[in-house]
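I have placed the structure first, in the form of structure tokens, so that the comments after it can refer back to it.
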Amino acid sequence: MRDATTTNSDVKDAFISIRNVTKSFGDFVAVDDVSLDIPKGELFAILGGSGCGKTTLLRMLAGFESPSSGRIEIDNVDVTHQPAYERPVNMMFQSYAVFPHMDVEKNIAYGLVKDRVSKTAIAKRVDEMLELVQLGDFRKRMPGQLSGGQRQRVALGRALIKSPKVLLLDEPLAALDKKLRERTQFELMNIQYELGITFVVVTHDQEEAMTLSSRIAVMDEGRFRQVGTPKEIYEFPSNRFVADFIGTINTFAGKVTDIGDDTISVYCDEIGASLSALGRHPVEIGQSVDIAVRPEKIFIGKSEPEDAIHARLKGVVDDLGYLGNRSLYHIKLEGGRIVQVSSQNRRRSANRFLEWDDDVWISWRPRSAVVLVD
């Protein structure tokens with residue numbers, strides 16, 4: 001039985017290399033001995049809650065903070081103690097930090113003007129950036145005349161105009177409303193793909209990290225709890241923290257009773273039943289583990305499933321919610337345990353498939369669940 005991926009997977013020729021980096025502020029350890037490799041041209045996300053250390057790590061990459069120990073390399077150059085202005089890096093802040101007294105054109109040109117680049121070269125480069133961020137018709141507008149999404153694109157154009165090797169983005173879409181944020185995510189992905197610049201995004205928004213990035217590092221208390229693709233992290237969380245932090249999940253505590261080639265059987269006292277799940281960790285008979293299954297992996301119906309391989313539990317609809325494209329159900333099992341189930345609304349109907357207090361069966365295939373050991 002193979003271990004789940006909790007560190008870098010199949011990374012060769014790292015463009016950004018973080019080795020055993022720690023950052024302490026007095027007795028408080030904000031970043032605790034983390035290592036990470038990011039290849040050139042990747043859109044990488046560092047995901048975590050407030051205070052987990054993700055912004056501190058980003059600031060160390062930018063050169064605004066120095067590690068207490070460890071090493072940071074960018075493009076095979078040790079930048080651990082290099083000042084920010086000497087690094088091939090630019091940073092886009094959460095607040096965008098757009099100059100309110102400059103129009104769009106001057107905001108975007110600011111970095112080149114400061115470097116005393118020729119006016120001809122600046123004009124050409126600004127035109128390219130305005131086209132890239134789709135603000136050509138707004139070049140003479142002042143920031144106060146722009147929407148939040150447009151100001152975000154001004155900040156992005158200004159960050160990219162000097163062609164940095166790495167662009168760091170600190171909660172880049174946090175100030176936008178939901179629909180604009182969703183649209184801007186794809187714009188950001190297209191720009192990154194077109195330019196081929198390495199992007200490192202820090203965010204607390206799970207959906208944003210899953211949509212934007214090719215890989216994610218989930219961070220907690222200064223450490224990486226898992227590094228992998230969005231699918232790896234969602235479908236195969238390596239520990240209880242990641243399973244609970246990413247999306248919604250149901251967990252059942254129990255003890256291992258049988259170990260197969262790729263599945264593990266666990267008896268769960270709280271529901272009085274034996275469950276099977278995909279095993280990706282080495283375990284022993286009698287070991288305490290959790291069976292975890294996502295709400296959308298669970299089938300729900302009024303009759304007992306006939307398929308003998310399904311895990312199946314009987315309960316009653318304790319609560320429900322209609323969300324348009326799907327319905328959410330809280331199912332109370334016979335022992336009182338609540339299980340959350342998500343069901344896609346595939347048929348157009350004014351009537352609900354299930355109502356409060358309906359007797360139901362819930363079931364799932366063993367390979368739709370995973371075993372968590374820590």
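Overview of values
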| item | result |
| --- | --- |
| Hits in the range 282-333 (condition: touching a residue at least 40 places away in the same chain (Cβ under 8 Å) and among the acidic types (D, E)) | D290, E296, E304, D307 |
| Residues that are within 31 Å of the chain's Cα centre (by Cα) and either exposed (fewer than 15 other Cβ atoms within 10 Å of the Cβ) or free of Cβ contacts under 8 Å to residues at least 60 places away in the same chain (or both), drawn from the range 105-143 | N107, I108, G111, E128, M129, L130, E131, V133, Q134, L135, P143 |
| Given (1) closer than 18 Å to P164 by Cβ; (2) at pLDDT below 95, number of the condition V79 does not satisfy | (2) |
| Any hit, the range 235-244, residues being of a type in the set (F, W, Y), under 28 Å from D374 (Cα atoms) and part of a helix (DSSP H, G or I) | yes |
| Unique residue being of a type in the set (G, A, S), in the same structural domain as N90 (by TED's automatic domain parsing), surrounded by 16 or more Cβ atoms within 10 Å (Cβ to Cβ) and within 18 Å of the chain's Cα centre (by Cα) when the list is A155, A159, A174, A209 | A209 |
| Members of the range 126-139 that are in a helix (DSSP H, G or I) and either in contact with a Cys (Cβ under 6 Å, 6 or more places away or on another chain) or of a type outside the set (D, E) (or both) | V126, M129, L130, L132, G136, F138 |
| Residue check, I331 modelled with pLDDT of 95 or more, closer than 28 Å to G254 by Cα, surrounded by 11 or more Cβ atoms within 10 Å (Cβ to Cβ) and hydrophobic (A, V, I, L, M, F, W, C) | yes |
| Filter result for the condition that a residue is at pLDDT 95 or above and not hydroxyl-bearing (S, T, Y), over P230, P237 | P230 |
| Cβ-Cβ under 9 Å pairs, at least 6 apart or on other chains, the range 177-199 side more than 29 Å from E73 (Cα to Cα), far side exposed (fewer than 13 other Cβ atoms within 10 Å of the Cβ) | L180/S147 |
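Residue by residue, here is whether (1) aliphatic (A, V, I, L, M); (2) outside the structural domain of T22 (by TED's automatic domain parsing); (3) in contact with a Phe, Trp or Tyr (Cβ under 8 Å, 6 or more places away or on another chain); (4) in a strand (DSSP E or B) holds:
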site	(1), (2), (3), (4)
I72	yes, no, no, yes
Y96	no, no, no, no
I108	yes, no, no, no
K124	no, no, no, no
R141	no, no, no, no
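The values are calculated or read from the model by the stated rules, or taken from the named source; none is laboratory data. Note that the coordinates shown come from a computational prediction; the quantities given were computed from them, not determined experimentally. A quick note on method: Cβ atoms are made from the backbone with ideal geometry, for glycine too, and the neighbour counts reach across all protein chains shown.
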